[in-house]
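Some notes on the structure that comes next.
The values are calculated or read from the model by the stated rules, or taken from the named source; none is laboratory data. The structure presented is a predicted model; accordingly, all values stated were derived computationally and were not measured. For neighbour counting, all protein chains shown are included, and Cβ atoms are generated from backbone atoms with ideal geometry for every residue, glycine included. Remember, those area values only see protein heavy atoms, side chains included, never the ligands or the DNA or RNA. Shrake-Rupley method; radii C 1.70, N 1.55, O 1.52, S 1.80 Å.
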Amino acid sequence: MRHFLRDDDLTSAEQREVLARGLALKADRFSEKPFAGPQTVAVVFDKSSTRTRVSFATGIADLGGSPLVIDAAGSQMGRGEPIADTARVFSSMCAMIVWRTFGQERIDEMAAYSSVPVVNALTDQFHPCQILADLITIAEVKGGLAAEGPALAGRSFAYLGDGANNMAASYLIGGALAGLDVRIGCPDSHIPDPAVVARAREIAATTGGAVTVTADPHEAVAGVDVIATDTWASMGNEEAGHAAEGVLAPYQINASLMAEGDDAVFLHCLPAYREHEVTADVIDGPASVVWREAENRLHAQKGLMGWLMDR
């Protein structure tokens, strides 16, 4: 049995397998039924969600299962029931646990006491399912998956904005696994966790990828295939995000920065705030693939869940 708690819970080769499986399920949506029975999958939300809720519930149903969507605040979890107890109960009734929560240590504890696979649907530290969807999107618009080796070897990717948030962390590690040249452009006040950068560089050394963290947004985007950003006011951290808008302003994705890429496409995990982290002419323009990216949450997660059920 395997869990997916952070990006490097998959090897580079396993990541390519999951992405290929997701693309196959996109081409033939109902071709796999690993949850046939139907088996129930618990999808638990400590944080509100649109894409995560819809994509997991739909994907579980597509795979022959029954999604049990739970808002933690309306369950005993919201009243402080120990995570270990919840893990044991869910494990006795469900085929898998999907959880969108706060600290990474919470989902680590859930996995420690679970006898079924646990999937990280977002924590404050990582957002690995989103990165799987982004990698599928990059494959679709930038030449496909590699037949062997790292999934996207030879491609380059830049993320601009808050380098300390969960998206930047998952882009670093997930991108390094895929063999990408990953560049993070962020102010010195919002740099990624050094341990995450070190881990990403360790992986990149084995996949042929590269990792750069720079305060210069132009250096980050120069000649890249893909440019991405995220909201400056992350969920649960809105006050600090709004306070940082001045320091993050040079990292706003606009048409001028997009032009510095190499026919670059634009990604955003959504929700987006036009004229803050991205201008409307970029997110609504011809280089934007954000709606394809949003749909690919469904296909990537189906590929992941099917892969986990085989282990």
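Note on the chain: with charges restricted to the Cβ of Lys and Arg (+1) and Asp and Glu (-1), its dipole about the Cα centre is near 1120 debye. When the scattering of the range 206-311 is computed by the Debye formula from its Cα atoms alone, each counted once and equally, what is log10 I(q)/I(0) at q = 0.15 Å⁻¹? The Cα Debye sum returns log10 ratios of -0.76.
Excluding ligands, DNA and RNA, the accessible surface per residue across the chain is 38 Å² with a 1.4 Å probe. If you run the Gaussian network model on the chain, springs between alpha carbon atoms under 10 Å, then out of GLY179, GLY59, GLY149 the most flexible one is GLY149.
Relative to the longest principal Cα axis of the chain, at what angle does helix 166-177 sit, 0 to 90 degrees, rounded to 10? Helix 166-177 and the main axis of the chain meet at about 90 degrees. Rounded to the nearest whole angstrom, the semi-axes of the ellipsoid equivalent to the range 111-165, taken from the Cα gyration tensor as √(5λ), stand at 26, 18, 9, largest first. Packing-based ranking of 94-102, 131-139, 1-9, 191-199 yields 131-139, 94-102, 1-9, 191-199, ordered from highest to lowest mean Cβ neighbour count within 10 Å. Computed packing ranks the peptides 301-308, 22-29 as 301-308, 22-29, most packed first, by mean other Cβ atoms within 10 Å. Bin width 20 Å, alpha-carbon pairs only: give the P(r) of the chain as whole percents, running from 0 to the bin holding the largest distance. P(r) for the chain, in whole percents per bin: 35, 58, 7. Bridgeable aspartates and glutamates around LYS26 (alpha carbons under 20 Å apart, same-chain partners fewer than 8 residues away excluded): GLU14, GLU17, ASP62, ASP134, GLU140, GLU293, GLU295, ASP310.
In the chain, taking the dipole from charged Cβ atoms about the Cα centre, the farthest positive-side position among PRO271, CYS94, ASN254 is held by CYS94. Here the peptides 222-231, 47-56, 157-166 are ranked by packing, the mean other Cβ count within 10 Å, and the order with the highest first is 157-166, 222-231, 47-56.
For the range 278-292 versus the range 1-47, the inter-centroid distance based on Cα atoms is 27 Å.
Counting protein heavy atoms only, the chain has 52 percent of its accessible area on carbon and sulfur, 1.4 angstrom probe.
The radius of gyration of the Cα set in the range 130-288, together with its Dmax, comes out at 14.4, 45 angstrom.
For the range 1-99, what does the alpha-carbon gyration tensor say about shape, rounded, prolate or oblate, given a ≥ b ≥ c as the root eigenvalues, a/c under 1.5 as rounded, and a/b over b/c as prolate? Prolate.
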